[in-house]
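Some notes on the structure that comes next.
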Amino acid sequence: MPQCYKCKQNAGSVSNQFDGVDELIKHFKLFHSFTPYGNFYCLDCCHTYQSLKAFKRHFKGNNKSCINKSSDTINRLEKSYSQHENNTDSSVGNSERENVRYDLASALKNIEATALIFVTKLYSKSNYARKDVDQLINDITNNLLGTIITELSNIFNTTNNNNGEIDKLLAFCLDPFCNFNTYHKYTKSLQNRDLYREPKIFETNNEVDHIILNSTPCLDSKSSKGALMPLQFQFQKFFELPNVLKDTIENMTNLAQKSTIHNIINGEIWKQKKAKFENKTLIPYILYFDDFEINNALGSHAGSQSIAAFYYSFPTLPQHHVSSLENIFTALLFKSTDKCYGNDATLNLLIKEIQLLEKDGLMVHGHQIHYILMAIVGDNLGLNSILGFTKSFSANFPCRFCKCNQSEIKSDCQENLSKFRTIENYQQDISNEIEVKNRAKQSGIREISIFNTIDSFHVVNNYAVDIMHDLFEGVCHYDVCQILTHLIEKDHLFSLKILNSRKQLFNYGKTEIGNISPPIKINHLTNLKLHMSAREMWTFCHFLPLIIGDLVPINNKYWKLLRLLLEMIDLILMTEFNDTDLKLMTLKIEQHHLQYVKLFGNTLKPKFHFLLHYPTIIKKIGPLKYIWCFRFESKHRELKMYTNNTNSRKNIPYTIGIKCSLKFSYRLLNNNGFKNIIAYNSKSTKQQNLRDQFYYKNLNLDAVNIIGDDIMTFKKDIIYKGTQYAIDYYLLTKKLQLYRIVDIVLTSNENIYFVCSQYKLGNFCNHFQSYLLPTTESTDTFFMFSPSHFDYYSPLHTYMSPNGKTYVRPKYF
């Protein structure tokens, strides 16, 4: 017969047996005020149902079988509980049990802390809207936890319950999210723990415009708003995370001792800025600016909700942490359409924050740190726009670095240092008595930049260029399209079909297999624009000599231009420079431009002109690959992922800003500094003695401090400082010594070593821009090195050319 589980918990109140489920349901409603939805427990089968309808359906259709099944289950549970009681009584005396007190306060605190971490993680997810998190918490509380607690209650009913502590614990477990089950309570809890600050909403414009109010079109006040992130809070909290400040200061100290240009602090601009802040601790940072589309780029509303975003990062963090997306932070968000209201309206609050960070600084672990804006990076159009220069590259003075006119830009193959912009000639240009609309035509300056109000910054000293846009989305397209067109249509060395076949079937190796571009079409070549991303173009250019080099005669003039392009790219991508490197780069850029004009009879585009400034800019601000846009544009993906999961467009900059703040709070809550520099798959692991390996007898251990009898972990692949290494990868030293990874060894103290066999590197083949590799390797001696021995070049693969020879092409990425 059906029984009432509620009455059974309060024995003696009302008879808990009924003639049928309908009578039981009437009892539920009459005596216990149950609603149609909740948790309804079946004493026969020990299952919980979330509605009276489901409970009734179960009872009518499955009563007999579940009673038989439940009787066995109940007997088994009672037997288990009885045995547990007997064991407990035999091992622990009654007096001892009475002296053991359960720490309820500590238990409740632990549960609440765990629940907070769980909720914070949900709010930090880019693909979760805030309402989704609220709904998920409610579902967990009402459904999952309700069932669990009901089951636990049945078990604990017969146990001793001193002072009702079990009841209090169970009551709290029913709703562990009670202190943050709404967004307001959740953020309040984070703020009380000093883990969260909301973005600041600011108004960029307020005017009368067409709006829809209560489903009716009308004229009313319409404001445009942006969101400024709490920069002082984020800067301070980030450097208070474990080891972040310590590792950054140590890295800056090591970089300052370098005699060559390794980093932004080895450049001339940092030395000039540092001189203004004597005896103060300084940390540089860079800003990045760009627009990204959150709606369907091909839809009818494309562009209407496009977001203009400022990100910032710290270039003097240990290098392997700089490019991590978790160390790139959001600074400012507003709608791209609001740029029409002027930079002063959109950037005013950001400039004030930058000034406070520089002038007053922040106290971090007892140190007063001043944060210095080193550069603003982005694409050419974006930078010219926010820095106050002309937005048209067909204007008379389109360059933000020099005052070369349009005719000089189209023809010059050498940099003209005498025409560089300076603070003096900038002031002269803006003080001349000419109309504002004519100023851009005569000087290239569209407006006086608000960034000039920052004490240590001026737009003419913003030596920031982007390799990604200038090379891989610019010069490479112009060069490669015209070179391939001449090789295919004029020299008839191969067909487009053969090119595509070889391109798709080429063995790029594990490290580059994900960057294969789609097949090339004839209209791509005609329009001088290949259908490739910047990363795909980079890979295509890098391997092009090995893909079709055997089909091209050695003295082909168009192939010579391709070689010049690749030599220029390899120099630009270097991670450290001396004067000789910069002179060689200047020469290669000049030769490339001259050859381009000679072969194709074309004028030089503005992106060709920007390349002329690269050697000078490296002297000013350091290696260019550390300020490129690749990683910043990857940051867009996080924000776009979230906007795809929320329908809100009313104040979308603020909505995105809240999500960024919540992600930052999750990091603070977990007290996560930098990620572990070592990552690996535990499944591909074996632990053995080094002495038992086949190569041990011929292993040279001179470069390491290891004893052969030690038990070590051997890996097939590993990620170290963000770079993947695996068995059979090739490693090249700065002295051009080539090794193949035979084994990867991880010691007990987490040190990594590569067991390598050495190859004798052949001569450099200029035609293939690669080194010839002998067919055999030297296995007489094996070597063991740490990863730092190979920190100049990235891991490589060998490539078999159709001519039957094997080559190695060095790369800096």
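Descriptive notes on the structure:
- Residues that are outside any helix (DSSP H, G or I) and open to solvent by less than 70 Å² (accessible area, probe 1.4 Å) within the stretch 689-702 comprise ASN689, GLN693, TYR695, LEU699, ASN700, LEU701, listed in sequence order.
- When restricted to residues that are among the hydrophobic types (A, V, I, L, M, F, W, C), open to solvent by 30 Å² or more (accessible area, probe 1.4 Å) and closer than 27 Å to LEU701 by Cα, the stretch 783-813 contains 1.
- Condition broken by TRP628, with the remaining ones in (1) more than 21 Å from the chain's Cα centre (by Cα); (2) assigned to a loop (DSSP other than H, G, I, E, B) satisfied: (1)
- Answer residue from the stretch 172-213, given it is among the hydroxyl-bearing types (Ser, Thr, Tyr) and open to solvent by 20 Å² or more (accessible area, probe 1.4 Å) and is farthest from the chain's Cα centre (by Cα) among those: THR182
- Test set (1) over 36 Å from the mean Cα position of the chain (by Cα); (2) within 19 Å of PHE714 (Cα to Cα); (3) acidic (Asp, Glu) - ASP780 fails condition number: (2)
- Among residues of the stretch 263-300, those that are part of a loop (DSSP other than H, G, I, E, B) and under 17 Å from SER313 (Cβ atoms), counted: 2
- LEU347 open to solvent by less than 10 Å² (accessible area, probe 1.4 Å), in a strand (DSSP E or B), touching a helix residue (DSSP H, G or I) at 6+ places or on another chain (Cβ under 7 Å) and over 30 Å from LYS588 (Cβ atoms): no
- Within the stretch 331-341, being touching a residue at least 40 places away in the same chain (Cβ under 8 Å) and either open to solvent by 10 Å² or more (accessible area, probe 1.4 Å) or touching a Pro at 6+ places or on another chain (Cβ under 7 Å) (or both) holds for LEU333, PHE334, LYS335, SER336, THR337, LYS339, TYR341.
- Near pairs, Cβ below 7 angstrom, 6+ apart or cross-chain, from the stretch 731-745 (in the same structural domain as TYR771 (by the TED database) and over 19 Å from MET712 (Cβ atoms)) to any residue that is open to solvent by less than 20 Å² (accessible area, probe 1.4 Å) and in a loop (DSSP other than H, G, I, E, B): LEU731/PRO795; LEU732/PRO810
This table checks each residue for (1) touching a Ser or Thr at 6+ places or on another chain (Cβ under 7 Å); (2) of a type in the set (A, V, I, L, M, F, W, C); (3) at positive phi.
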| position | (1), (2), (3) |
| --- | --- |
| MET712 | yes, yes, no |
| LYS734 | no, no, no |
| GLN737 | no, no, no |
| VAL742 | yes, yes, no |
| ASN749 | no, no, no |
| PHE754 | no, yes, no |
| LEU761 | no, yes, no |
| TYR771 | no, no, no |
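- Test for PHE664: is it more than 13 Å from ILE752 (Cα to Cα) and either open to solvent by less than 20 Å² (accessible area, probe 1.4 Å) or in a loop (DSSP other than H, G, I, E, B) (or both): yes
- Residues of the stretch 507-543 that turn out to be touching a strand residue (DSSP E or B) at 6+ places or on another chain (Cβ under 8 Å) and open to solvent by less than 70 Å² (accessible area, probe 1.4 Å), as a count: 3
- Scope the stretch 497-553; condition in contact with a helix residue (DSSP H, G or I) (Cβ under 7 Å, 6 or more places away or on another chain), charged (D, E, K, R), in a helix (DSSP H, G or I) and in contact (Cβ under 8 Å) with a residue 24 or more places away in the chain; matching residues: ARG502, LYS503, ARG535
- As a summary of the residue check, LYS625 satisfies the conditions (1) closer than 28 Å to GLN257 by Cα; (2) modelled with pLDDT of 95 or more except for the one numbered (2).
- Listed by first and then second residue, the pairs linking a residue in the stretch 161-173 that is more than 14 Å from LYS109 (Cα to Cα) to a residue that is polar (S, T, N, Q) and modelled with pLDDT under 70, with Cβ atoms under 8 Å apart and 6 or more places separating them unless they lie on different chains, are ILE166/THR159; ASP167/ASN161.
This table checks each residue for (1) crowded, with 21+ Cβ neighbours inside 10 Å; (2) of a type outside the set (Phe, Trp, Tyr); (3) outside any loop (DSSP other than H, G, I, E, B).
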position: CYS404; (1), (2), (3): yes, yes, no
position: SER418; (1), (2), (3): no, yes, yes
position: ASP429; (1), (2), (3): no, yes, yes
position: ARG439; (1), (2), (3): no, yes, yes
position: SER456; (1), (2), (3): no, yes, no
position: LEU484; (1), (2), (3): yes, yes, yes
position: LEU487; (1), (2), (3): no, yes, yes
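- Qualifying residue in the stretch 316-336 (condition: part of a helix (DSSP H, G or I), charged (D, E, K, R) and either under 18 Å from the mean Cα position of the chain (by Cα) or within 21 Å of LYS359 (Cα to Cα) (or both)): yes
- Single residue of the stretch 598-619 satisfying the filter (touching a helix residue (DSSP H, G or I) at 6+ places or on another chain (Cβ under 8 Å), open to solvent by 40 Å² or more (accessible area, probe 1.4 Å) and in a helix (DSSP H, G or I)) that is nearest to ILE294 (Cα to Cα): LYS607
The values are calculated or read from the model by the stated rules, or taken from the named source; none is laboratory data. Every value quoted in this text rests on a predicted model; they were computed, and no experiment measured them. Glycine gets a Cβ as well: all are built from the backbone with ideal geometry, and neighbour counts include every protein chain shown. We work out accessible area using only protein heavy atoms, side chains counted, and drop any ligands, DNA or RNA first. Shrake-Rupley method; radii C 1.70, N 1.55, O 1.52, S 1.80 Å.
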